[in-house]
Amino acid sequence: MLAQNYPNPFNPTTTIHFSIAQQSPVSLEVFNTLGQRVATLVDEERPPGTYSERFDGTRLASGVYICRLKAGNFTAAQKMVLLR
């Protein structure tokens, strides 16, 4: 499960919460609206549990970004808004 980041909108940092039900490779990435990956927050095998990752958008422009979680066969995405 991928929860909505908090705070949203954010400037310049936000926290992303997610949980996984079974051990699996986990990928948590942030994309811009053009589909370009701007950050990889997690790219590793993780055991079941609940996690929090901090995203720092200091070097990014204001706008909408997409946070995508992949864990095993599960995929979810959430919109995030960076306001300066």
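The values are calculated or read from the model by the stated rules, or taken from the named source; none is laboratory data. Predicted model, so just to flag it, every value in this text is computed and none were measured. FYI the Cβ positions are ideal-geometry reconstructions off the backbone, even for glycines, and counts take in every protein chain you see. Remember, those area values only see protein heavy atoms, side chains included, never the ligands or the DNA or RNA. Shrake-Rupley method; radii C 1.70, N 1.55, O 1.52, S 1.80 Å.
When the stretch 12-22 is limited to residues that are closer than 15 Å to Leu69 by Cβ and among the polar types (S, T, N, Q), the one that is surrounded by the most Cβ atoms within 10 Å (Cβ to Cβ) turns out to be Thr14. Entry remark, the stretch 64-84: residues being surrounded by fewer than 16 Cβ atoms within 10 Å (Cβ to Cβ), in contact (Cβ under 8 Å) with a residue 12 or more places away in the chain and not aliphatic (A, V, I, L, M) number 5 in total. Looking across the stretch 23-33, just one residue is within 13 Å of Cys67 (Cα to Cα) and more than 13 Å from the chain's Cα centre (by Cα), and that is Thr33.
If the condition is being outside any strand (DSSP E or B) and over 15 Å from the mean Cα position of the chain (by Cα), then the stretch 47-59 contributes Pro47, Pro48, Thr58, Arg59. For the stretch 22-46, a residue qualifies if it is in a loop (DSSP other than H, G, I, E, B) and either out of contact with any strand residue (DSSP E or B) (no Cβ under 8 Å at 6 or more places or on another chain) or free of Cβ contacts under 8 Å to residues at least 24 places away in the same chain (or both), and the qualifying residues are Gln22, Leu34, Gly35, Gln36. Restrict the check to the stretch 3-11 and report whether at least one residue is open to solvent by 80 Å² or more (accessible area, probe 1.4 Å), out of contact with any Cys (no Cβ under 7 Å at 6 or more places or on another chain) and part of a strand (DSSP E or B). Yes: one or more hits.
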